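Below is one structure; the comments refer to it alone.
Any read-out appearing in this document is the output of simple, stated calculations on the displayed coordinates, not a laboratory observation. All of these numbers come straight from a predicted model, not from anything done at the bench. Note that each Cβ is placed from the backbone with ideal geometry, even for glycine, and that neighbours are counted across all protein chains shown.
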Amino acid sequence: MLEMRGITKRFPGVLASDNVDFDVFPGEVHTLLGENGAGKSTLMKILYGLYEADEGEVRLHGEPLSIKNPTDAITHGIGMIHQHFMLVPPLTVAENVALGLKSSRGVLTDLDAVSERIVELGETYGLHVDPSAPIWQMAVGEQQRVEIIKALYREAKLLILDEPTAVLTPQEVDQLFVTLRQLKDDGCGLIFISHKLHEVLALSTRITVLRHGKVTGSVPVEGATRESLAQMMVGRAVKLAPDKTEAKPGNVALKIRGLRVARDRGGDGVRDLDLDVHAGEILGVAGVSGNGQMLLAEAIAGLRAPSAGSIEIAGTEVVGMTPKQVRTTGLAYVPEKRMKDGAIGDFTVSENILLIDHNDEHYLNHGLFDFGAIKKHSRQLVDEYTVKTPTLDTPARNLSGGNIQKMIIARELSGTPEVLVAAQPTRGVDIGAAEYIHTRLIKQRDEDTAILMISEDLDEVFGVSDRVAVMYEGQVMGIVDPRTATREEVGLMMAGVEQDETA
Amino acid sequence: MSDFFTEAVLIATVAGGIRLAVPLLFASLGEMFGQRSGVLNLGVDGVMLLGAFGGYYAVLKTDNVWLGLLVGVAIGVVFGLITAVMSVTLKAEQGISGIGIYLFGLGFSDLLFQKWVGTPLPIKAFPKINIPVLSDIPIIGEMLFRHSAVVYIAFAAVPLSMFIINRTNFGMKIRAVGENPEAADSLGVSVTKVRYATLIIGGLLAGVAGAALAIDLKIFQQNLTNAAGFIAIALVYFGAWRPLGVMGGALLYGFVNSIVLQLKTLGIIPRSWSDIAAMAPAIVTILALVIVAQRFKPPAALTKPFERGR
Ligand SMILES: Nc1ncnc2c1ncn2[C@@H]1O[C@H](COP(=O)(O)OP(=O)(O)OP(=O)(O)O)[C@@H](O)[C@H]1O
Ligand SMILES: [Mg+2]
């Protein structure tokens, strides 16, 4: 149904799409695979009219088509689920869906009619949402469903899904896939982007790999393996599970006792939590999102005041300190919402890297910034973590999603902290970079940092952690050894079943 | 002080407060539309001054107060459009361009006044309309239902604004564009068109506010508004970007102002204090703003120009 031919798109200093050919047939899931910054989102934004291609042609059902803006795309039956959600948080589901559509009641809104249709679509495709709920009250998984409903409501026949699973829990991913398969069987064409190879293998019919803006290969899913895809993407063999030696845990570096943290919307999100993390170990925290992991991380970082309890970092009580003071006790923090809490979009890459160290003497020369030293440090981190950016002076918002992540992780892992709290450290980064980040985490551990790693990705939790704590409803359900525990066990604990009941 | 609590004085104070609230109500409802769509317009006071002079001059020449109000509308629309060109199309820094419009309005309205009028001559005022039946209710009737048509129009604009913002498609687009312009754009809503529309509404209401003020006072002079346009901006924050809240703020300001005026006329506030007393309404409003407004969040995209594919 769709044919893109010879698409080329240049940004200042980058060739984001280089003579790309891409097509989609009805009733197939065509996956786009590629490293961070390979040009996947760019290609899709061209198709959706958010960017204009410098060269190339788009044909839909054989007709040449010029898509200048999203309205053109929508009228031609193209829908897009964006990497960063495109929802208006204070508006309700129905309002978000109705936005931009003609109302059956002229100038007045027709939200009741819209709501009815939302419920119908929800029943057909298993996308259950409450049409009158405002978006800000919903979990990410539900928000995702609203995004899909928005596209289906507009009768999209070609659906672009740019990393739809990056923020979903494994259960939500399963649900999403049921819906997507149903759409495929109904004859829709789907374009799917993900860095998680097992998802790609489970859902796709065809896989095209992009590297540095160029198509490097296109294969049917039959016969493809995780290893072969990784090899095509990165251009070398990738170790999918990190090598690591036995941990040599030392003293307790992070000690949490009786911690209670309130949620934004009232009620305690973390309830009487005790936890010890030793120097030289990685404690993985598994759990379905929304079970208090975020609140725990923010409380440790001083971003959220606990209502009770104590947190000690290297023997110093940090409850009541400002985030900056907490950092000086030896904490490094990779926040989950990196776009919001971790980077300043209008600042350049090197400014973002400098953010936490700006009082450090290395970068000051008689009280003024020593730009030479800053550049050198930034250059080194950017190279080490393969952050793809045209220059160090590029504003961070022009980087691809995964490269922003890498930039922040590079910054936070660059020192020698006593304690590192890393929330979803590889969410949205490509497998090559994930491999590197895992290796760095383990190296950091071997240098005696106590690491608390929060992750919803069980592969990551099992592959990297020395001990695994499972959180459920604000409490630790139990701590298991990843070498002996099974995924089923941990899965049950994540659902709230006590450890001894599972035995 | 006991002089103040007589029936006649109380009625006059309340009625006066309502009248004084009118120009602010127009102006801040207008500013609210712009802000709900994500544009902070600091030029309100300048447009009010131009509308005030235009309205005054038209009435002076024609003796027709409605023509005066219409001139205010026209001037407001033109300057709303200019504001939109600067802050939406040219993506100028919103604070600076607004101050530019303010300074222009302040200077130009006075210049035209000096050139075309010179000595301030009084003009005709709006006729009072007593609402049948209602205006005969004792006390309340006199306070609320014996005003000019402009007062009724201003208060009718409150439910109308609520209706537009909450019940119409256009209102939904305004809210969406003010909170997440990227999302609105991705659904084919033109951020540019919506913002042009709200800024033109804002300009129109600021022009009307100015004309209503001049015709109500029956006079024009340099800086007639005395920064009322800036108070109007503060009232939008005070009212948490909602028409009813904005109305509450305008009434609070009007009442405090009216009380101070009464106390002065009755000699309860000594003459030497009158400068300080003149500041009371602004101070009370700002204090209330600080207390009330912290609990509400402004539209997320306020002051941010929009560009696709950034
Ligand atoms: N608006 C922009 N201005 C300048 N450069 C841009 C812009 N958008 C993208 N780029 C650059 O284009 C390249 C491709 O980016 P794109 O977002 O398409 O990558 P991606 O394959 O989607 O990566 P990810 O997996 O990290 O999301 C990157 O080098 C990025 O820095
Ligand atoms: Mg992307």
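Where the convex hull is taken over the Cα atoms of the range B:141-194, what is its projected area averaged over directions, in nm²? Kindly include the intermediate steps, with their values, before the conclusion.
Values: hull surface 19.7 nm².
Averaged projected area of the range B:141-194's Cα convex hull equals 4.9 nm².
Using only the C-alpha atoms of the range A:2-234, find the volume of their convex hull and express it per residue in Å³.
Looking at the range A:2-234, the number lands at 127 Å³ per residue.
How large is the convex hull of the Cα atoms of the range B:38-116 per residue, expressed in Å³ as a whole number?
73
Could you list, in their original order, any pairs among A:K375/A:K406; A:K150/B:K193; A:K40/A:K337; A:K196/A:K255; A:K40/A:K196; A:K337/A:K406 whose Cα atoms are separated by more than 25 Å?
A:K196/A:K255
Once the principal axes of the Cα atoms of the range B:19-164 are found, what is the range along each, listed largest first in whole angstroms?
54, 42, 20
Which lysines does A:K157 reach when only Cα atoms under 18 Å apart count, and residues fewer than 8 places away in its own chain are ignored?
A:K45, A:K184
I'd like the chymotrypsin sites (Phe, Trp or Tyr not before Pro) in the range B:175-264 restricted to DSSP loop residues with at most 11 other Cβ atoms within 10 Å, sorted by number.
Qualifying residues, ordered by number: none.
Taking the beta-carbon count within 10 Å as an exposure proxy, list A:R10, A:R440 from fewest neighbours to most.
Result, fewest neighbours first: A:R10, A:R440.
At a Cα cut-off below 18 Å, give the lysines reachable from B:K124, other chains included and same-chain residues fewer than 8 away excluded.
List returned: B:K61, B:K218.
How much space per residue, in cubic angstrom, does the convex hull of the C-alpha atoms of chain B take up? It would help to have the intermediate numbers written out before the result.
Working: hull volume 42.7 nm³, N = 310.
Per-residue hull volume (Cα only) is 138 Å³.
Take every DSSP beta bridge whose two residues both sit in the range A:2-234, then give the antiparallel share in percent to the nearest 5.
55
Calculated from DSSP H runs of 4 or more alone, at -39500 (n - 2.57) each and per residue, what is the 222 nm mean residue ellipticity of chain B, nearest 500?
Here the helix-only value at 222 nm equals -23000 deg cm²/dmol.
Positive end of the dipole of the range B:23-228, charges at C-beta (+1 Lys, Arg; -1 Asp, Glu), about the Cα centre: which of B:A184, B:I219, B:L69 has its Cα farthest in that direction?
B:L69
Ranking A:I207, B:I165 by Cβ neighbours within 10 Å, fewest first, what do you get?
Fewest-to-most ranking of A:I207, B:I165: B:I165, A:I207.
Would you mind telling me the antiparallel percentage of the DSSP bridges in the range A:363-503, rounded to 5? Could you put the intermediate results ahead of the total?
On the way: 7 of 12 bridges.
Roughly 60 percent of the beta bridges in the range A:363-503 run antiparallel, per DSSP.
Once Rh is set to the Kirkwood radius over Cα pairs, what Stokes-Einstein translational diffusion coefficient, in µm²/s, holds for the protein assembly as shown at a temperature of 20 °C and a viscosity of 1.002 mPa s? Spell out each step's value before the answer.
Working: Rh = 30.1 Å.
Estimated diffusion coefficient is 71 µm²/s.
Ranked by Cβ crowding within 10 angstrom, fewest neighbours first, how are A:L392, A:L176, B:L111 ordered? The partial results should precede the final answer.
Details: A:L392 18, A:L176 23, B:L111 12.
In increasing order of surrounding Cβ atoms, one gets B:L111, A:L392, A:L176.
Taking 1 over the mean of 1/r across every pair of different Cα atoms in the range B:171-310, what Kirkwood radius in Å do you get?
17.5
If you restrict to DSSP beta bridges whose two residues both lie in the protein assembly as shown, what percentage is antiparallel, to the nearest 5?
Rounded to the nearest five, the antiparallel share is 60 percent.
Calculate the translational D of the range B:39-83 in whole µm² s⁻¹ from Stokes-Einstein, where the hydrodynamic radius comes from the Kirkwood formula applied to all Cα pairs, the temperature is 10 °C and the viscosity 1.306 mPa s. Before the final figure, lay out each step's value.
On the way: Rh = 10.6 Å.
Approximately 150 µm²/s, per Stokes-Einstein.
Which semi-axes, in whole Å and largest first, does the equivalent ellipsoid of the range A:92-183 have when worked out from the alpha carbon gyration tensor as the square roots of 5 times its eigenvalues?
Semi-axes from the Cα gyration tensor: 23, 14, 11 Å.
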